[in-house]
1. What tally of residues in region 32-65 results from selecting those that are out of contact with any Ser or Thr (no Cβ under 6 Å at 6 or more places or on another chain), among the polar types (S, T, N, Q) and open to solvent by less than 80 Å² (accessible area, probe 1.4 Å)?
2. Looking only at region 1-51, how many residues end up being of a type in the set (D, E), within 19 Å of P94 (Cβ to Cβ) and out of contact with any helix residue (DSSP H, G or I) (no Cβ under 7 Å at 6 or more places or on another chain)?
3. Which is touching a residue at least 40 places away in the same chain (Cβ under 8 Å) and open to solvent by 30 Å² or more (accessible area, probe 1.4 Å), of N121, N104?
4. Would you be able to say whether some residue in region 10-31 is over 20 Å from Q73 (Cβ atoms), exposed (fewer than 11 other Cβ atoms within 10 Å of the Cβ) and polar (S, T, N, Q)?
5. Those residues that are part of a loop (DSSP other than H, G, I, E, B) and not acidic (D, E), I need them from region 81-104; list them, please.
6. When the residues of region 150-165 are filtered to those that are at pLDDT below 75 and among the hydrophobic types (A, V, I, L, M, F, W, C), which remaining residue is least open to solvent (accessible area, probe 1.4 Å)?
7. Filter region 1-57 for residues that are assigned to a helix (DSSP H, G or I) and of a type in the set (D, E); which is farthest from G113 (Cα to Cα)?
Amino acid sequence: VWRGGGGGLGWRQSMVEMVSGNPLVDAQFAEKHQRIPFEDFQKYRTVMDVDGNAWSERFNKLLCMNTPVIKVQPKFLNYLDFTATPHVHFIPAPLNETLINVVNWTLAPENEGAVLDIMYNARAWCREHMTTMHVMEDVVFQLAAYVELLDTGSPGWIDQIVDWRRKNSTTFGKLFPHIDQLR
């Protein structure tokens, strides 16, 4: 099953057209009467995920469900894409004529064990990566990596910020009252 908005610069439209007519796939643009409550995605044998105008915001949440996820080849990257692994946490699918083959493989009774293993791995990934503490640690790590990158490319940038703050201290001083301690 797939429901989503019409955004995606034709990406989603292409996916819907490729699977239309296949009785195993229910992929539609979500009009008010066709919406599926998010929790109800778990009632289906598999859920498809495809990027819209940016990365798919729901992909990480889908990995936490009791349903295997077919991820149509992403057009955009989400920072969690580097930790969720194809064929381990989700079933990757290209956006071409072989998309139906991936759906058929996922739904084939002889592949049920492999598909369930992928779903169990996804749920384990979710328990590790989708906690508040882990997301906060990731944010701090990303900010620290960014500071290191800034330092490498422009030594003395902190001094420039402190000087700017002294000249324009209203908002910046309220947001970063302890910037002088960084020196």
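The values are calculated or read from the model by the stated rules, or taken from the named source; none is laboratory data. Owing to the predicted nature of the structure, the values given are computational and were not obtained by experimental measurement. All Cβ positions, even for glycine, are placed from backbone atoms using ideal geometry, and neighbour counts span all protein chains on display. In case anyone asks, the SASA skips ligands and DNA or RNA and just uses the protein heavy atoms, side chains included. Shrake-Rupley method; radii C 1.70, N 1.55, O 1.52, S 1.80 Å.
1. 3
2. Initially, region 1-51 is screened for residues of a type in the set (D, E), giving 17, 26, 31, 39-40, 49, 51.
Still in the list and also within 19 Å of P94 (Cβ to Cβ): 17, 49, 51.
Subset that is out of contact with any helix residue (DSSP H, G or I) (no Cβ under 7 Å at 6 or more places or on another chain): 17.
Final tally of qualifying residues: 1.
3. Values: N121 fails: touching a residue at least 40 places away in the same chain (Cβ under 8 Å).
Sole residue among the options that is touching a residue at least 40 places away in the same chain (Cβ under 8 Å) and open to solvent by 30 Å² or more (accessible area, probe 1.4 Å): N104.
4. no
5. Just the residues of region 81-104 that are part of a loop (DSSP other than H, G, I, E, B), to begin with: 83-85, 87-89, 94-98.
Of everything in region 81-104, those that are part of a loop (DSSP other than H, G, I, E, B) and not acidic (D, E) turn out to be T83, A84, T85, H87, V88, H89, P94, L95, N96, T98.
6. If we take residues in region 150-165 being at pLDDT below 75 and among the hydrophobic types (A, V, I, L, M, F, W, C), then V162 is least open to solvent (accessible area, probe 1.4 Å).
7. By that ranking, first place goes to E17.
Yes or no, residue by residue, for (1) small (G, A, S); (2) farther than 23 Å from M15 by Cα; (3) open to solvent by less than 60 Å² (accessible area, probe 1.4 Å):
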{"site": "T83", "(1), (2), (3)": "no, yes, yes"}
{"site": "P92", "(1), (2), (3)": "no, no, yes"}
{"site": "E97", "(1), (2), (3)": "no, no, no"}
{"site": "H134", "(1), (2), (3)": "no, yes, yes"}
